[in-house]
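Before any comments, here is the structure.
The values are calculated or read from the model by the stated rules, or taken from the named source; none is laboratory data. Just so we're clear, the structure is a prediction, and the values are computed from it rather than from any experiment. FYI the Cβ positions are ideal-geometry reconstructions off the backbone, even for glycines, and counts take in every protein chain you see.
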Amino acid sequence: MSIIFMVIAIGNMCGMYDKPLQIVSDRESKGLTFSHSKNLDVVDSYGTSRHIAKYAFPLGSTFTLSVRFDLLGMSSSDKRPRLFQSSDSATSESVSKRKRVPWWQNEVIYQIYPRSFKDSKGLGSGDLKGIISKLDYLKELGIGAIWLSPIYTSPMADFGYDISNFMDIDPVFGNMTDFEELLGSCHEKGLKVIMDFVPNHSSNEHEWFMKSVQMEDPYTDYYIWSDPLGFTEKGDPIPPNNWVSVFRGSAWTWVEERQQFYFHQFLAKQPDLNFRNSHVREEMKNILKFWLDKGVDGFRIDALKHLFEVEDIYQDEPIASDSNLNYPFDYGSLCHTLTVNQPETFDVLKEWRELASQYTDKLLMVEIYDGEIEQVMNYYGNERNPLADFPFNFLMIDKLKNRTELTGKSLKSTVDIWMDNMPEGKWPNWVLGNHDSGRMGSRFGEDLIDALNMLCLLLPGTPITYYGEEIGMINTWISWKDTQDPQGCRYGPKLYEKYSRDPARTPMQWDSTSCAGFTTHTETWLPINENYKTLNVKAQIEAASSHLKIYRSLTLLRKEEAFRSGKLSYPVITNDVFSFARSVNDCEMYLVVINTSENNIMVNMHKNANFRLPDTGVVILRSITDSSENTVPHSEVSLSNLEMVGGEGLVLSLDIQS
């Protein structure tokens, strides 16, 4: 007899049902048992079939099962199953004894660029209600937290990173009522909300700056002001030093009304706040408290290393050894010894940590781009003086810029840099892309999309996914006419393509309808990629296999104990192969193998392996580029003759008890 029924996971943790199961009927005296087999599959809401022997049931998830079993003397009135129960209590006992860890160590964080996620108003630009409309999608995807790029009131000179009111929502995105609805809806669905906190600077249209220009107390010194070093023969004021902006050009702008320069590490419309002023520090703590009191679950702190400069500003920064003399006002032309990573920055971060610790389970993650790994690690703090929960790990962006630089050995080296330098007891994180860098499919090749998501989601640590990476979105070519990014605009029509960040910020591709289902308007704030008719969420949900389905399977798989707390090892590393294993209790192991080359290869995992592997493994997941019948999921494959297509990733289950 075959019965199709629904199972809803209702426990307080997810569990692995890998032992005989019992379905309890409505009558306690009646029941039926069955063992899992190849005929017992789970079909999730994405239409993905999974064998129950290797399936995790996360909290609140619902699955349709098709089961064949024999009724054990049940009458027709008894044939309505009530609940799935494990016949072994070991799983629940291990769950109850598991050490409690912060939520962000178990969850996947998903970065949303609000302007490009979903438009609910038909204006061609994304908003908060658009995000609300897609929360079920994110929950189904297995996301645990969303991180919102800035949504505060802003003139939008740098698309939200120039803030004129830190305690309100810009009308482009909605209003505070919309935000509170978003926050409440997320929490109802078990999603956390992380805000982008931008403390280094404000907009020049902020009330503080306008009053500072007027020298109104207490705002007179809210910003970094300087007298001129002198005047040219023409009477033009000379800046106090040679400091340059991240966005190119002098970091000093003259204000005639005040007869002084103000300092800005980014755009002239983004004046740097003076954190040596105690009033500024209190203002920023009040802003954090405002959002924490509303219930947000944490912050991503922007541009933190720029928070302080040396007190004596009449000093020049040294010329970089590899400075391009043709572009002396480029940020890379100087060694930034006086304007980043100053000791006082850590004092302020400690104040914010102490404030966040007054609330329960609040995450602080900080944006730190720096070539010196020791500097980055300083932002963790230590056990006695904890600072950020983690600084962002940008090594896979900074160290691996293209396919040529990505090899098995370079991947291993990149992972090692973080893991070997991370302070004891701290937690890693993995970032493959964001709003400041090109999409991973464009940087490394579309054939590697699934493999790199396997890497990011299955290594120990918190994965941070940029919107659209789950479906393999790639960079969109943007003409000079359509370019919006101020960084690209400052370089002009000849160089803008090298510096513009717009190609990775284009609207989310939801379906094949007009404007990719992003908006009902006929135009969007940035052009949509022409590939949206075939590369979109709806098409990938309906496809037999897709990047989206692989990603969803990975978010489920990482809930298993081997990935939550298992040991990490690297059995085979070559130029073409990066592999790592996760194991727990020396009884179950998962092996991830990535072919970093563009060629089809045969991999012998026993050759030069640094520990003994079994003869075979069972395929759990494979990249969608692989169509071989030999590696169909649930197939048993030889580890001595593992066929892999270019850029492929494989996840295998190994029996290491035999």
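For the stretch 542-593, a residue qualifies if it is in a strand (DSSP E or B), of a type in the set (Gly, Ala, Ser) and either under 30 Å from Trp510 (Cβ atoms) or in contact with a Pro (Cβ under 7 Å, 6 or more places away or on another chain) (or both), and the qualifying residues are Ser579, Ala581.
Only one of the numbered conditions (1) assigned to a loop (DSSP other than H, G, I, E, B); (2) in the same structural domain as Pro114 (by TED's automatic domain parsing); (3) crowded, with 16+ Cβ neighbours inside 10 Å is not met by Lys481, and that is (3). Among the residues of the stretch 378-421, the one identified as under 19 Å from the mean Cα position of the chain (by Cα), aliphatic (A, V, I, L, M) and over 29 Å from Ser442 (Cβ atoms) is Ala388. Restricting Gly381, Gly445 to residues that are over 23 Å from Ile146 (Cβ atoms), in contact with a Leu (Cβ under 6 Å, 6 or more places away or on another chain) and at pLDDT 95 or above narrows the list to Gly381. Residues in the stretch 252-290 that are assigned to a loop (DSSP other than H, G, I, E, B) and of a type in the set (Lys, Arg): Arg258, Lys269, Arg276.
Can you find even one residue in the stretch 127-141 that is over 21 Å from the mean Cα position of the chain (by Cα) and more than 18 Å from Met284 (Cα to Cα)? Yes, there is a match, as at least one residue in the stretch 127-141 is over 21 Å from the mean Cα position of the chain (by Cα) and more than 18 Å from Met284 (Cα to Cα). Candidates in the stretch 288-307 are the residues that are more than 20 Å from Trp243 (Cβ to Cβ) and over 18 Å from the mean Cα position of the chain (by Cα); of these, the one that is surrounded by the most Cβ atoms within 10 Å (Cβ to Cβ) is Leu288. Among residues of the stretch 422-456 being over 15 Å from the mean Cα position of the chain (by Cα) and of a type in the set (Asp, Glu), the one that is surrounded by the fewest Cβ atoms within 10 Å (Cβ to Cβ) is Glu424. Selection over the stretch 499-513 of residues that are modelled with pLDDT of 95 or more and either farther than 21 Å from Met156 by Cα or surrounded by fewer than 21 Cβ atoms within 10 Å (Cβ to Cβ) (or both) gives a count of 6.
Candidates Asp119, Asp70: the one that is at pLDDT 50 or above and farther than 30 Å from Pro428 by Cβ is Asp119. Within the bounds of the stretch 200-212, is there any residue that is surrounded by fewer than 20 Cβ atoms within 10 Å (Cβ to Cβ) and part of a loop (DSSP other than H, G, I, E, B)? Within the stretch 200-212, one or more residues are surrounded by fewer than 20 Cβ atoms within 10 Å (Cβ to Cβ) and part of a loop (DSSP other than H, G, I, E, B). Here Lys189, Lys99, Lys129 are screened, and the one residue that is out of contact with any His (no Cβ under 9 Å at 6 or more places or on another chain), modelled with pLDDT under 95 and surrounded by fewer than 22 Cβ atoms within 10 Å (Cβ to Cβ) is Lys99.
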